[in-house]
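The values are calculated or read from the model by the stated rules, or taken from the named source; none is laboratory data. All values reported here derive from a predicted model rather than from experimental measurement. In this analysis, Cβ positions are derived from the backbone assuming ideal geometry, glycine residues included, and neighbour counts consider all displayed protein chains. We work out accessible area using only protein heavy atoms, side chains counted, and drop any ligands, DNA or RNA first. Shrake-Rupley method; radii C 1.70, N 1.55, O 1.52, S 1.80 Å.
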Amino acid sequence: MGKLRENVFLAIILTGSSAIIYIIQNAIFHEPSQTAFYIFQDMAFMPFQALIATLVIDQFLKIKEKRIKTKKINVVISTFFVDAGVNIMMAMSRFNQNHNEACEIIKIEEFIDNKGSSVKKTLGEFEYHFYADPNKLEELVSTMDKNKGFLLDLLENQNLLEHESFTDMLWAVFHVADELKTRGDLKRLSKSEIDHISEDMIRAYAAMVMEWISYIIYLKDEYPFLYATAIRKNPFYQVSTEYIP
């Protein structure tokens, strides 16, 4: 109500100021017909001004706002991979029986040049072969436990609501962590439980790979110095199968 009152007051002041200026103009130049002519001329231009303000300027502001939001989202994504994502990917890759084949596809120097489109297409058709080896799951549980609170904080981040694929990836990763914590003695899992966890790993890992590729390309374009750091911790060296979290 207070804002409306302020707007009405402002409109009265501005309208009154215009009226006073026109009265002074007529008193000095004694040309009311010309004054009326210019008033109507200005009014004729007002719809075009409204068009510019509504379509052009508004669209420009929306683009600028979107860029700001995108930058905020990418900061969050970068934080995820630096603080948790790469470690989780390395830990999960130990369960991927065709990890080296995936590494052959994900050659950074190749997918950077074409924005990752061909690599993403190939990986979209790639069949990961995960086996949730009960003897190794405790190590994965340890890695996931270290980052579970961080993942929950990310899921509560409002900036990520507009990045559906990244949010879905977080849920997939969180689901793996939840499955591992609710299965009891991991060394006594049944075959069906192992198969189920393996499928959950594939879903989470495949989603992380896609997001990681987009993240690396963004760093290359926007922050080359951060890109160089990220590449030094590349989770797709073939030796990453020997990674111990």
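Residues in segment 119-148 that are within 12 Å of R94 (Cα to Cα) and of a type in the set (S, T, N, Q): N135 only.
Residues in segment 158-188 that are free of Cβ contacts under 8 Å to residues at least 60 places away in the same chain and aromatic (F, W, Y) were compared, and the one that is surrounded by the most Cβ atoms within 10 Å (Cβ to Cβ) is F174. Here K233 does not qualify as in contact with a Phe, Trp or Tyr (Cβ under 6 Å, 6 or more places away or on another chain), in contact (Cβ under 8 Å) with a residue 60 or more places away in the chain and either charged (D, E, K, R) or surrounded by 17 or more Cβ atoms within 10 Å (Cβ to Cβ) (or both). Taking segment 200-230 as the range and being closer than 18 Å to V119 by Cα and free of Cβ contacts under 8 Å to residues at least 12 places away in the same chain as the test, only D221 passes. Could you tell me whether Y218 is aromatic (F, W, Y) and outside any helix (DSSP H, G or I)? So Y218 fails the test. Annotation: of all residues in segment 189-210 being among the charged types (D, E, K, R) and open to solvent by 30 Å² or more (accessible area, probe 1.4 Å), the one that is farthest from N87 (Cα to Cα) is K191. Summed over segment 201-211, residues that are of a type outside the set (D, E) and more than 18 Å from L140 (Cβ to Cβ) total 1. If the condition is being open to solvent by 80 Å² or more (accessible area, probe 1.4 Å) and modelled with pLDDT under 75, then segment 11-21 contributes only L14.
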